[in-house]
Amino acid sequence: ELHLVLLFGQPAPSPATGLILARMAGQMPGSPPQQASGWMQPQLRPIGSPPGTVPLGTLGSSQLMFQGGPGIGGPSLQAPALAPRVQSGSFTGSAGRPMFHVPSPGGQAPGQFGIRNDFHMQPTLSAATAAAVPMRIVRNSTSPDDPEITHEVSNIWKRIVRGDETETMSRLQFVRALMEDRTVASFVLPGIAGQALMEDDDSYEAAHHFFNDMARGKQRVRFQDFLKNFKHSKASVSNATELRAIFERLDVNKDNRISRHELLSAVKSDKVLFDFILRHVEASDEMDDEELSNRVDEVYKAIAGDWVHFDFADFIAYFRTMTRVEGCGLHYNIERNKKRVLIIGPGFGAQMNPAQTHVVVQSGYQVYWVHNIPNPEEAEFMMLPHVTKIRESIDQVQPDLLMCGSKGGAYGVALWQMGYWRGPTLLINAHPSCTELPYDVPIVVTHGDQDPVYPRPREDLEHLISTGSRSMCFLYHSTTSGTLASGHTPRVGDQHNMASLIHFETLPRLMDSVLCPEGPELHMMRTWLDRLTPQRLDAERGLGYTSAQLRKFWVSTQTKANQSSRDFLYDVPRGSLESQLVITAFRSSAKDPSTYGFSKDRWDRVGIIRIQRIENAVQYESGNAPYYQSVRHSFEAQGLEFVPGVHTRWLFHGSSAVDSIVSNPIQGFQPVASGTAGEAVWGRGTYFARDAGYVASGPFCGAPAVDGTRRMLMCLVTTGMSCAGSPKHNGILPVRLDPHRYNSSVDSLSSPEIIVVQHPGAAYPAYLITFIS
């Protein structure tokens, strides 16, 4: 935004003049300006300079002169005519909806600035006119290839290097400019005051993270690297249509701006807006007005800062890097066709493992290769000259992601050690030379526990990940299950050629995850929802992803304080919406075939006899709700966003002790007392399945009743952060970020079918389904 004050003084024989005091406070896409009358292509220029020189956005706190066109006190300036036109829904060059037109030097496209507030001015100014009118002016969005971006960034660059004739920028120059130049700070890190860099750890880290992203391990940054960052960040917003719909739903007064009171009122009265604006907050009846007000205030300040209202430009800036996932919050959208991937040839298996190469090439990324370099594991190998060649390819390609596999991992480690690469990296097979990860670098390491070439214990790999930066590194570990009593091993981990990477789009999803700003582990978990069918997702959204949302279906009014009845089961009416949602979730599965081989065709023919809702207020309030809150608090301490639908899951459980689970007044599930049937497979805990068909296909539901029916529980489970399971897990899961441990384990980090929880309050039995095969 540009915040401007227009001061009109006494008119002179020449055109009406005035001073505009401009301060840059960040750049963001703009909305169409509101109507203002009487403005005819005004020109802006620095005082004392010739007309039409530089874009307004580069002037910072400079004083500018306003000179009107025809009908505003005098003739127009002697500047190239700018024909009125319409672009992308933004009106420019008309008297009814005016824009400032500022020609750029060298014949480049003009900058375009529009009036933010509803401001009217008469076509002529009288001698008595003297007023100070506050205005907010916003720059229109531009395409990432717009030459105006290049010029704009060039001026910011010059402010940082302060006329230094060198073509690179040091870290010291960058940080100093952020601290001393408000224009630079607001352009580079909108929302962070430069003075806060030495006072606030988060602001300080944000500045250095920004420099590291550009430098990629180098000591100095080139202008082209600086420019490339802003070309990506200025790209158009892919979810603008949806955000506009949400904004208009908020904007009850239809004045294109939202006050704090308006936001709070909308969130209170509209469940859709509540879920969107406060997506990390549980819609609980226990939240009082004060807590809700505080939550809304946090979001409002993040969007509007100190302004008394925000408009669509502010709103879209807050959400501009995210895309909607219905019912479960937001996640970052990776535009693969705009991302460059550089693959180190040796060890990646272009010929030996063509399926892996095919998956990458077909993923949609721009793929480049470094070939004609030798095997780094050869005897008497000299690393330096070949690493230098890879560095030249990095400089030429300017990749967003570096990938290497097997023996090529030695090159990746060397690039880190020599400081030639500090960007996102995907390492297939943890090379023996990789014993420590570089600081502040997003990294995904994939490894199979059956790898005969580089055998490494899981504990060693987990320690490796812990040497990297917090939440920026992720271990994709393909694990072997324990053995069943029959001697069968249900799942076998990957060998050196990791077969699991080529199924279920796993490798492209891992590539997405290492590029995702929220961190690879959280993003990979979000993609698990993509493996479900649309019907299953619709059903889950309808039921809700929190127990508090689920209680909207309850018919009893009992709470922990007054529950006296021991009758916890209530029939769900046949044909009701609730019944249809449960049946859909029960019958539907995932897009991917099951690893465990149950027949989906046979499952479609299963008959549902009865659905009963479980309304056990004591179990919910004493067991499930406190655990849910404790997991959320753990997420906050780790700097993670807790997303219902990602960190809570609808899962199925079969047991011969259904009645005990339903009626237990405190804790229905007892992981420690769980039977030993599954204990040796993925470790101790309570087992749940993604697919009801898998539960029914085994002995988990117990023996059928006399009439041939069986029973299964459909549960809402707080899974939190999940790690790969192991038969060695004894009820205590590995540490994720000391002192916080993982909350659940899964059979696969690609497309989990079995989830194991170790806490009795993690699951709430929501429905009891009676069925017959």
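The values are calculated or read from the model by the stated rules, or taken from the named source; none is laboratory data. All values derive from a computational prediction rather than experimental measurement. Glycine also receives a Cβ, built like all others from the backbone with ideal geometry; neighbour counts cover every protein chain displayed. With ligands, DNA and RNA removed, areas are computed over all heavy atoms of the protein, side chains included. Shrake-Rupley method; radii C 1.70, N 1.55, O 1.52, S 1.80 Å.
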With the crude spin-label approximation of a point 7 Å out along Cα→Cβ, what separation in nm comes out for Leu569 versus Thr467? 5.7 nm
For the Ser576, Ala485 Cβ pair and Förster radius 51 Å, calculated FRET efficiency rounded to 0.05 is 0.75
With viscosity set to 1.002 mPa s and temperature to 20 °C, compute the Stokes-Einstein D of the stretch 452-590, Rh being the Kirkwood radius across alpha carbon pairs; µm²/s, no decimals. 110 µm²/s
How far apart, in nm, are two points set 7 Å out from the Cα along the Cα-to-Cβ line at Ser656 and at Tyr439? 5.8 nm
What full-extension length gain, to one decimal in nm, is calculated for Gln495 and Glu641 as 0.36 nm per residue of separation minus the Cα-Cα distance? 49.2 nm
Ile608 paired with Glu335, simple spin-label distance in nm, labels 7 Å along Cα-to-beta-carbon: 4.2 nm
Taking 0.36 nm per intervening residue step and subtracting the Cα-Cα distance, what contour gain separates Asp395 from Glu290 on full extension? 32.4 nm
Rg and Dmax [Cα atoms of the stretch 392-516; Å; Rg one decimal, Dmax integer]: 15.2, 57
Could you check how much of the accessible area of the stretch 509-657 is carbon and sulfur, as a whole percent, using a 1.4 Å probe? 50 percent
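Order 535-544, 575-584, 480-489, 407-416 from most to least packed using the mean count of other Cβ atoms within 10 Å. Numbers along the way, then the final one.
On the way: 535-544: 19.1, 575-584: 16.0, 480-489: 12.5, 407-416: 23.3.
Result, highest mean Cβ count within 10 Å first: 407-416, 535-544, 575-584, 480-489.
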Qualifying lysines (Cα of each under 20 Å from Cα of Lys228; at least 8 residues distant if same chain): Lys158, Lys218, Lys338, Lys339
FRET efficiency, Ser630 to Asn253 (Cβ-Cβ, R0 56 Å, nearest 0.05): 0.85
What net charge is computed for the residues neighbouring Arg458, neighbours being all others with C-beta under 9 Å from the C-beta of Arg458, Lys and Arg scored +1, Asp and Glu -1? -2
